[in-house]
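The structure appears below as structure tokens.
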Amino acid sequence: MKIELIVRGMCRLRPGLPGISENITVRSIVGRFLEHTRVYYFGNGGDPEVFCSSADWMERNMLNRVETGFPLYGKFADRIKKDLDLYLADNSHSWELHSDGSYTLNQPAEDEETISAQSLLLSDFAS
């Protein structure tokens, strides 16, 4: 099972540790927007499910507050999946977390198009 996390800032998880987290990648997006979305996409064996939530998965939110989560269906789920794919393709404003806790800025290959998820979303909303 592959797990891809898109986080806003720091992350305590150490991805890529053999036997522990080798199937996990962590990408941090830093750009114009200070986003605080809580979206969860599960492949679910070919029957995908998309959820939004009021809380991130921090202990204070899960144990000390009343939070909610809800499923998205149809065009709403499709739009969220499209946006998640765009964020995972970002190669100009995203950082990859390594197992030692260091981050590397993702950059397009020499023959690859530059993709900035936030810039593309902004242009979609402006038109």
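The numbers here are math on the coordinates, done by the rules we state, and not lab data. As the structure is a computational prediction, the values presented were derived from the model and not from experiment. As a convention, Cβ positions derive from the backbone with ideal geometry for all residues, glycine included, and neighbour counts pool all protein chains shown.
Here is a yes/no grid of residues against (1) out of contact with any Leu (no Cβ under 8 Å at 6 or more places or on another chain); (2) not in a loop (DSSP other than H, G, I, E, B):
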residue: 1; (1), (2): yes, no
residue: 4; (1), (2): no, yes
residue: 11; (1), (2): no, no
residue: 15; (1), (2): no, no
residue: 21; (1), (2): no, no
residue: 27; (1), (2): no, yes
residue: 32; (1), (2): no, no
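Can you pull out the residues in the range 90-109 that are touching a strand residue (DSSP E or B) at 6+ places or on another chain (Cβ under 9 Å) and of a type outside the set (S, T, N, Q)?
Looking only at the range 90-109, we keep the residues that are touching a strand residue (DSSP E or B) at 6+ places or on another chain (Cβ under 9 Å), and these are 90, 92-98, 103-106.
Hits for the range 90-109 are 90, 93, 95, 96, 97, 98, 103, 105.
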With the first residue restricted to the range 70-98 and required to be within 23 Å of residue 14 (Cβ to Cβ), and the second required to be small (Gly, Ala, Ser) and assigned to a strand (DSSP E or B), Cβ contacts under 6 Å at 6 or more apart or on different chains are 95/28
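Mind telling me which of the residues 13, 5, 88, 84 ends up being over 25 Å from residue 121 (Cβ atoms) and among the hydrophobic types (A, V, I, L, M, F, W, C)? Reasoning before the result, please.
On the way: 5 fails: over 25 Å from residue 121 (Cβ atoms); 88 fails: over 25 Å from residue 121 (Cβ atoms); 84 fails: over 25 Å from residue 121 (Cβ atoms).
Exactly one residue qualifies, and that residue is 13.
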